[in-house]
Amino acid sequence: MDTHFTKDPIKAAAYIRGGKLVVFPTETVYGLGANALDEKAVARIYQAKKRPVSNPLIVHLGSPADILRVASRITPTAEKLMETFFPGPLTLILPRHPSLPRIVSGGLDTVAVRMPALPVTRQFLKSARIPVAAPSANISGRPSATTWQSAAEDLKDCVHCILCGPPAAVGLESTVVDCTERLPALLRPGAISIEDLRTAIPEFSSNAPNAFRSPGMHYNHYAPAAKIQIVIHPGEAESGNDKGYIGLDSPASETVFGKCRTPRHIEEYGHCLFEFFRDCDRSGITKIYCQKVAETGLGHALMDRLVRAARSSR
Ligand code: AMP
Ligand code: MG
């Protein structure tokens, strides 16, 4: 396929309006989008990603007014969260609008909606004037793409257009909150932390993510070809040219790694994690040691991704 690479959100919007697949940037990770109202276009997302059709997609919107095109109502909990966090890296689960193709929600009677904050994404969605269904722009199971180059590496042969934006600032996916019941439930930890959510809803529970209500939590995820081992101290990592290490603490100077990264803080760790995984794969690293972080703030999402990557890479 002849993929068109562009920096122009208006050009990319024309592709999506024409029923084509478009890779686009967001502040969390890159997305693989199609017109959410076009069943055939959405079906091509699942094919391109090799994603199980029972794992629903997030619908990306240019403005809050668009929510009622895909959801049948906005619940009071959703309204509170939208006031504080829209636009931003938060996805809300709402009752599905009957006219939204079922394939978008993997057959569920709910829908996931999000309004990204990145200016180029907002321009893209506003000029598209349609809701855009999009999962992360990677082959299912692989680490999410946080640069357009990584998205192209996985999907170039199956997408019509790649909107080349900046590397994703956050680098980890959005927080997913189910707002269909009276009390909200966290389905996936992400860029907006539980502590942040409590500023809007003080009774927000920090129970483990509700995997039963979140189909995506059942699948293998985020895994590079290399094996992942989580360590508490860098000293537990075995040295070698085919080994990688990422963590906030620096390893001893005599330890040699094929790839080594010591982010300055947890935000930088989240920002560079998936690209580091991909970089290790490109260099033939066979095992990556990842240092554990405290599970507060963004650490909750980071540990969720590390644990699931380690489980999937076994
Ligand atoms: P991705 O876009 O690849 O980061 O994945 C989207 C995430 O949102 C997955 O974990 C999905 O299971 C979850 N999701 C999307 N729609 C729904 C829904 N209607 N109900 C529950 N979870 C959803
Ligand atoms: Mg994904």
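The values are calculated or read from the model by the stated rules, or taken from the named source; none is laboratory data. Keep in mind the model is a prediction, meaning the values are calculated, not measured. Cβ coordinates were reconstructed from backbone atoms using ideal geometry, including for glycine residues, and neighbour counts include every protein chain displayed. The protein model used for the area step is the full one, side chains on, heavy atoms only, and it has no ligands, DNA or RNA in it. Shrake-Rupley method; radii C 1.70, N 1.55, O 1.52, S 1.80 Å.
Looking at PRO64, PRO76, PRO89 in this structure, which one is within 16 Å of ligand 2 (Cβ to nearest atom), of a type outside the set (S, T, N, Q) and farther than 22 Å from TYR46 by Cβ? Can you show your working first?
On the way: PRO64 fails: within 16 Å of ligand 2 (Cβ to nearest atom); PRO76 fails: within 16 Å of ligand 2 (Cβ to nearest atom).
Residue meeting the stated conditions: PRO89.
With respect to LEU298, determine if the residue is touching a helix residue (DSSP H, G or I) at 6+ places or on another chain (Cβ under 7 Å) and touching a residue at least 12 places away in the same chain (Cβ under 8 Å). It would help to see each step written out before you state the result.
Numbers: touching a helix residue (DSSP H, G or I) at 6+ places or on another chain (Cβ under 7 Å): yes; touching a residue at least 12 places away in the same chain (Cβ under 8 Å): yes.
So LEU298 fits the description; yes.
Do you know which residues across the stretch 125-147 are more than 16 Å from ligand 2 (Cβ to nearest atom) and either open to solvent by 40 Å² or more (accessible area, probe 1.4 Å) or within 22 Å of PRO56 (Cα to Cα) (or both)?
LEU125, LYS126, ALA128, ARG129, ILE130, PRO131 - these are the residues of the stretch 125-147 that are more than 16 Å from ligand 2 (Cβ to nearest atom) and either open to solvent by 40 Å² or more (accessible area, probe 1.4 Å) or within 22 Å of PRO56 (Cα to Cα) (or both).
May I ask you to verify whether ASN138 is assigned to a loop (DSSP other than H, G, I, E, B), at pLDDT below 95 and within 29 Å of ASP279 (Cα to Cα)?
no
Residue under question is ARG44, and the condition is that it be in a loop (DSSP other than H, G, I, E, B), open to solvent by 10 Å² or more (accessible area, probe 1.4 Å) and farther than 22 Å from ALA185 by Cβ; does it hold?
It is false that ARG44 is in a loop (DSSP other than H, G, I, E, B), open to solvent by 10 Å² or more (accessible area, probe 1.4 Å) and farther than 22 Å from ALA185 by Cβ.
Pull out all pairs, ordered by first then second residue, where Cβ-Cβ is under 6 Å, the residues are six or more apart or on different chains, the first lies in the stretch 9-36 and is within 11 Å of ligand 1 (Cβ to nearest atom), and the second is open to solvent by 10 Å² or more (accessible area, probe 1.4 Å) and part of a strand (DSSP E or B).
Pairs that qualify, where the first residue is within 11 Å of ligand 1 (Cβ to nearest atom) and the partner is open to solvent by 10 Å² or more (accessible area, probe 1.4 Å) and part of a strand (DSSP E or B), are VAL29/SER136.
Residues are listed down the side, and each one gets a yes or a no for (1) under 16 Å from GLY31 (Cβ atoms); (2) at pLDDT 95 or above; (3) of a type in the set (Gly, Ala, Ser):
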| residue | (1), (2), (3) |
| --- | --- |
| ALA65 | no, no, yes |
| SER72 | no, yes, yes |
| THR75 | no, yes, no |
| ALA78 | no, yes, yes |
| GLU83 | no, yes, no |
| LEU100 | no, yes, no |
| VAL104 | yes, yes, no |
| ARG114 | yes, yes, no |
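Restricting to the stretch 49-68, count the residues that are open to solvent by less than 10 Å² (accessible area, probe 1.4 Å) and part of a helix (DSSP H, G or I).
2
Against the condition within 13 Å of ligand 1 (Cβ to nearest atom), over 24 Å from ASP38 (Cβ atoms), of a type outside the set (Ser, Thr, Tyr) and open to solvent by 10 Å² or more (accessible area, probe 1.4 Å), how does PRO89 come out, does it pass?
Criteria met by PRO89.
From the list ALA237, ALA252, ALA294, exactly one residue is exposed (fewer than 15 other Cβ atoms within 10 Å of the Cβ) and over 28 Å from GLU27 (Cβ atoms). Which is it?
Values: ALA237 fails: exposed (fewer than 15 other Cβ atoms within 10 Å of the Cβ); ALA294 fails: over 28 Å from GLU27 (Cβ atoms).
Only one candidate passes the filter, namely ALA252.
State whether the residues of the stretch 161-182 include one that is away from ligand 1 (no atom under 16 Å from the Cβ), buried (at least 18 other Cβ atoms within 10 Å of the Cβ) and in a loop (DSSP other than H, G, I, E, B).
Checked against the condition, which is being away from ligand 1 (no atom under 16 Å from the Cβ), buried (at least 18 other Cβ atoms within 10 Å of the Cβ) and in a loop (DSSP other than H, G, I, E, B), the stretch 161-182 yields at least one hit.
Would you say SER144 is over 12 Å from the mean Cα position of the chain (by Cα), among the polar types (S, T, N, Q) and not in a strand (DSSP E or B)?
The answer is no for SER144.
Among the residues of the stretch 69-78, is there at least one that is in contact with a Leu (Cβ under 6 Å, 6 or more places away or on another chain), crowded, with 20+ Cβ neighbours inside 10 Å and more than 21 Å from LYS20 (Cα to Cα)?
Scanning the stretch 69-78 turns up at least one residue that is in contact with a Leu (Cβ under 6 Å, 6 or more places away or on another chain), crowded, with 20+ Cβ neighbours inside 10 Å and more than 21 Å from LYS20 (Cα to Cα).
If you go through the stretch 4-41 one residue at a time, how many are part of a strand (DSSP E or B), within 15 Å of ligand 2 (Cβ to nearest atom) and either open to solvent by 50 Å² or more (accessible area, probe 1.4 Å) or of a type in the set (Phe, Trp, Tyr) (or both)?
The total comes to 1.
In the stretch 263-278, which residues are surrounded by fewer than 18 Cβ atoms within 10 Å (Cβ to Cβ) and either at pLDDT below 95 or assigned to a helix (DSSP H, G or I) (or both)?
ILE266, GLU267, GLU268, CYS272
Counting just the residues of the stretch 222-234 that are more than 16 Å from LEU302 (Cα to Cα) and open to solvent by 50 Å² or more (accessible area, probe 1.4 Å), which one comes out farthest from ligand 1 (Cβ to nearest atom)?
HIS233
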